[in-house]
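The values are calculated or read from the model by the stated rules, or taken from the named source; none is laboratory data. Model, not experiment: these values are computed from the prediction. Heads up, the Cβs are rebuilt from the backbone with ideal geometry, glycines too, and the neighbour counts pull from every protein chain shown.
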Amino acid sequence: MGVIFMPTNKTYDNLEKMIFSGVGEYGIPEIIPEQYEPCEWIGFNYAVSTAKRAGKGVHFFLDDYQFERVWNNPDRYIEVLRDYDYVLSPDFSMYTDFPKAMQIYNHYRKHWCAAYMQMNGLRVIPTIAWSDENSFSWCFDGEPVGSVVAVSSVGTQNSKAKKAAFLRGYEEMMKRLSPERVIFFGNVPEELEGDVENKELGKEIKQQEREQR
């Protein structure tokens, strides 16, 4: 018998707060493009404890359990994130071995959180993520075209197959979104060095890369 995926109660709670008019086959909420000035980036796991927040942005390139609470209680964390210059859209995982339904759900959650944050006055930079080539028909839905975007290569460069999959997705992103700037977290593959306009590498991202070598 197959596993049936059911949304959590928090899904219903959040949709009671706001249902955004979405785009594409799955009604993905849209992220509005933002103007961007380079800043220092910290992981969401440091957002609450960090005292000096001006000039900093918050990213979600972490294990999902560390920021699931943003989906579970968005209003609480909007007040925390309001003090930061920028916030990336939450990077809920889209692993290739996840069921397609789960991948689409995580893409939707990312965009719902981002749209809700923007509705509440936060400046949100879209995190672009993909699974395999089958995800290309929907994983870019809701992303702004010609804007600044963020990507992470962490965990994608330790095998030829993973690197090739990352490069295919990156190339598709460039073709579909034509970003004006890429905020790149992790080691930039040599094939992409000409495309990346801005490399931002937080200390916790460096630690993840060291642990994966």
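Total residues in region 169-213 satisfying the condition of being in contact with a Gly (Cβ under 7 Å, 6 or more places away or on another chain), acidic (Asp, Glu) and either modelled with pLDDT of 65 or more or part of a loop (DSSP other than H, G, I, E, B) (or both): the figure is 1. The sole residue among Tyr116, Tyr95, Tyr77, Tyr86 that is over 14 Å from the mean Cα position of the chain (by Cα) and without any contact (Cβ under 8 Å) to a residue 60 or more places away in the chain is Tyr77. Here is the figure for region 151-168: residues that are in a strand (DSSP E or B) and small (Gly, Ala, Ser) total 1.
May I ask you to verify whether Lys110 is crowded, with 23+ Cβ neighbours inside 10 Å, assigned to a helix (DSSP H, G or I) and either at pLDDT below 95 or among the basic types (Lys, Arg) (or both)? The answer is yes for Lys110. Examine region 139-150 for a residue that is out of contact with any helix residue (DSSP H, G or I) (no Cβ under 7 Å at 6 or more places or on another chain) and part of a helix (DSSP H, G or I), and state whether such a residue exists. The answer is no; no qualifying residue exists.
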